[in-house]
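Only one structure is covered here, and it is reproduced in the block below.
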Amino acid sequence: MQQYPTAWRRAALAPFLALCATALPLAASAQTDWPTRPLRMLVGSSPGGGTDAMARAVADKLGPALKVTVVVENKPGASNTMAADATAKATDGHTMVMGVSTAHAIAPYLLKLPYDNQRDLVPVAMVGAVPNVLVVNNNLGVNTVAELVALAKKKPGALNFASSGAGSTQHIAAELFKESTGAFITHIPYRGSGPALVDLMAGQVQMSFDTLASVLPHIKAGKVKALAVTSKARNPQLPQVPTMAEAGVKGVEMSAWYGVYLPAAAPKAVQDKLHDEVNKVLDLPETRQRLAQIGADVTPMTQAQFAAFHDAENQRYAELVKKRGIRID
């Protein structure tokens with residue numbers, strides 16, 4: 001084989017090496033320059049619900065930070081999983097979902113999903129958690145949890161409870177309440193908290209374990225009555241409202257958590273950028289104040305911590321659903 005002088009080989013390879021040197025930064029730039037057009041943040045419930053409120057609080061600041069428009073798009077239905085499904089199957093590189101525990105930790109053990117919750121979506125940025133609160137129609141004639149339980153036992157099956165969908169935290173909390181108290185109440189699922197609360201205020205249903213983010217404005221406006229929060233401690237937004245344990249009902253602790261997910265195919269550089277920008281948004285005083293007003297506990301995490309939390313919550317709810325025999329009829 002003919003051997004060429006070293007200097008000649010260096011000269012011949014120089015253009016190729018220069019091309020490689022420029023190609024690598026360009027490949028990385030193609031990802032770090034993301035986004036290149038408007039983003040969609042899907043929400044699995046109707047406008048006016050807790051997931052919608054969390055999404056808009058983040059999206060309103062995320063858009064200016066990324067110098068693009070972030071459009072919040074509501075896709076209610078199937079326990080918030082329609083939005084998750086659309087995100088899992090998105091190929092435009094500019095679609096995310098404001099995930100909620102209903103879709104990403106509970107529904108996989110109650111529904112046959114058209115996507116794989118563990119394989120097709122990736123947790124990117126934890127946003128926060130909001131406790132559920134037991135609220136009743138103003139005309140129901142009860143002022144305490146004990147009075148509600150007594151009424152439910154006096155008229156078994158006469159009371160209905162609303163939820164944002166079968167398998168939601170509202171649904172699970174009510175099932176725990178039924179088991180702990182022996183009350184017989186009927187589940188009426190809706191396509192999101194917004195329409196559920198409309199019927200609750202109108203008296204079409206009598207009670208709900210809705211998320212505080214959804215129902216807080218109606219509580220403050222006197223349109224519904226809060227009897228108890230389902231967190232371990234009282235919420236600063238409702239300091240006068242007892243916890244469920246304080247009200248004499250043990251074992252009913254429930255909060256909805258929220259976080260941003262991307263399709264699993266999203267490049268790691270895109271995941272990293274979105275994670276960092278969401279956490280910067282969560283650190284803004286305006287965002288903190290806005291989320292605090294809807295009762296949210298902001299809990300930023302690294303992406304690895306959020307992924308571990310996602311896995312732990314899936315295990316917790318899988319065990320809870322099995323142990324309690326919770327199912328969707």
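The values are calculated or read from the model by the stated rules, or taken from the named source; none is laboratory data. Fair warning: this is a prediction, and the values are worked out from it, not measured in the lab. In this analysis, Cβ positions are derived from the backbone assuming ideal geometry, glycine residues included, and neighbour counts consider all displayed protein chains. Quick note on the areas: whole protein, heavy atoms, side chains included, nothing else; ligands and nucleic acids left out. Shrake-Rupley method; radii C 1.70, N 1.55, O 1.52, S 1.80 Å.
Values for this structure:
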item	result
Unique residue being of a type outside the set (Gly, Ala, Ser) and free of Cβ contacts under 8 Å to residues at least 24 places away in the same chain when the list is Lys75, Lys112	Lys112
Among residues of region 136-185, those that are among the small types (Gly, Ala, Ser) and within 24 Å of Thr102 (Cα to Cα), counted	11
Within region 134-183, tally of residues that are of a type in the set (D, E, K, R), closer than 22 Å to Leu212 by Cα and in contact (Cβ under 8 Å) with a residue 60 or more places away in the chain	1
Selected residue (only one of Gly128, Gly167 is in a loop (DSSP other than H, G, I, E, B) and crowded, with 24+ Cβ neighbours inside 10 Å)	Gly167
Residue tally, condition among the aliphatic types (A, V, I, L, M) and within 28 Å of the chain's Cα centre (by Cα), over region 128-158	7
Search result, residues across region 97-118 that are in a loop (DSSP other than H, G, I, E, B) and either open to solvent by less than 10 Å² (accessible area, probe 1.4 Å) or at pLDDT 95 or above (or both)	Leu113, Pro114, Tyr115, Asp116, Asn117, Gln118
Residue check, Lys232 open to solvent by 30 Å² or more (accessible area, probe 1.4 Å), of a type outside the set (A, V, I, L, M, F, W, C) and touching an Asp or Glu at 6+ places or on another chain (Cβ under 7 Å)	yes
Qualifying residue in region 246-254 (condition: buried (at least 20 other Cβ atoms within 10 Å of the Cβ), more than 14 Å from Gly295 (Cβ to Cβ), of a type in the set (A, V, I, L, M, F, W, C) and at pLDDT below 95)	yes
Residue among Ala307, Ala265 that is over 22 Å from Asn138 (Cα atoms) and open to solvent by less than 60 Å² (accessible area, probe 1.4 Å)	Ala307
Qualifying residue in region 59-77 (condition: of a type in the set (S, T, N, Q), over 21 Å from Asp276 (Cα atoms), modelled with pLDDT of 95 or more and open to solvent by less than 60 Å² (accessible area, probe 1.4 Å))	yes
Hey, Ala174 closer than 27 Å to Leu320 by Cα and either surrounded by fewer than 23 Cβ atoms within 10 Å (Cβ to Cβ) or aliphatic (A, V, I, L, M) (or both) or not	yes
Number of the exception - Ala18 against (1) at pLDDT below 95; (2) outside any loop (DSSP other than H, G, I, E, B); (3) buried (at least 17 other Cβ atoms within 10 Å of the Cβ)	(3)
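Okay, residues lined up against (1) more than 19 Å from the chain's Cα centre (by Cα); (2) within 30 Å of His218 (Cβ to Cβ); (3) among the aliphatic types (A, V, I, L, M):
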residue: Gly44; (1), (2), (3): no, yes, no
residue: Met54; (1), (2), (3): no, yes, yes
residue: Ile106; (1), (2), (3): no, yes, yes
residue: Leu111; (1), (2), (3): no, yes, yes
residue: Pro123; (1), (2), (3): no, no, no
residue: Met126; (1), (2), (3): no, yes, yes
